[in-house]
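Peer 1: I have a structure I would like to understand better, so I am pasting it below and will then ask my questions one at a time.
Laboratory data are not the source of any read-out in this text; all were calculated from the coordinates shown. Values in this document were obtained by computation on a predicted structure and should not be read as measured data. FYI the Cβ positions are ideal-geometry reconstructions off the backbone, even for glycines, and counts take in every protein chain you see.
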Amino acid sequence: MAVKIERKFIASPAVLTHCRSGTPLIQGYLYTDTANTIRIRQAGQLMLVTWKSPRRGTSREEVEFAIPRADGVALLAGVPANRRLEKTRFRVVHAGAVWDVDVFGGALAGLILAEIELEREDQPVILPPWVECEVTDDARYRNSRLAGGSMPQLAAA
């Protein structure tokens, strides 16, 4: 089973100057609890089912596989609107590292999150100038929570 190590940050609109060609994503959350998340994702023409374990620090186990498009479309159509989200994902390179930059739409318009996948938890990361603050450990910024459509408010520093 694959283990993913990721850190997540709020990005400023300045990152948009680096966003060229993106992939539209629609995600529907089939099941979430404190231990598991199961989602269906439409990424262009590809349909993916993903299971994610609880996060332990910046790590979590993940299994993802493609399913036939017709099955994915049917699954996604059955997910209520308050358990779905839409975003466009861009790949941006900074200091030799690839960042996934997600620009959200709908009720979450204006939210931009950037994630970097690491090889190990203690790997140093050179933060781009368009990174505002880290939200890796802030459950309000998990996509399964954002699917409810409410924009999280950052606490005053």
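Peer 1: Using the Cα centre of the chain as the reference point, and only Cβ charges (+1 on K/R, -1 on D/E), how large is the resulting charge dipole? Debye, rounded to the nearest 20.
Peer 2: Rounded to the nearest 20 debye, it is 400 debye.
Peer 1: Next question. Can you give the calculated 222 nm mean residue ellipticity of the chain, where each DSSP H run of n ≥ 4 adds -39,500 (n - 2.57) and the sum is split over every residue, rounded to the nearest 500 deg cm²/dmol?
Peer 2: Mean residue ellipticity at 222 nm (helix-derived): -2000 deg cm²/dmol.
Peer 1: I would also like to ask the following. Using only the Cα atoms of the stretch 1-80, build the gyration tensor, take square roots of its eigenvalues as a ≥ b ≥ c, and label the shape rounded, prolate or oblate: rounded if a/c is under 1.5, else prolate if a/b is larger than b/c, else oblate. Spell out each step's value before the answer.
Peer 2: On the way: a/c = 1.93, a/b = 1.11, b/c = 1.75.
Oblate, since a/c reaches 1.5 and b/c is not below a/b.
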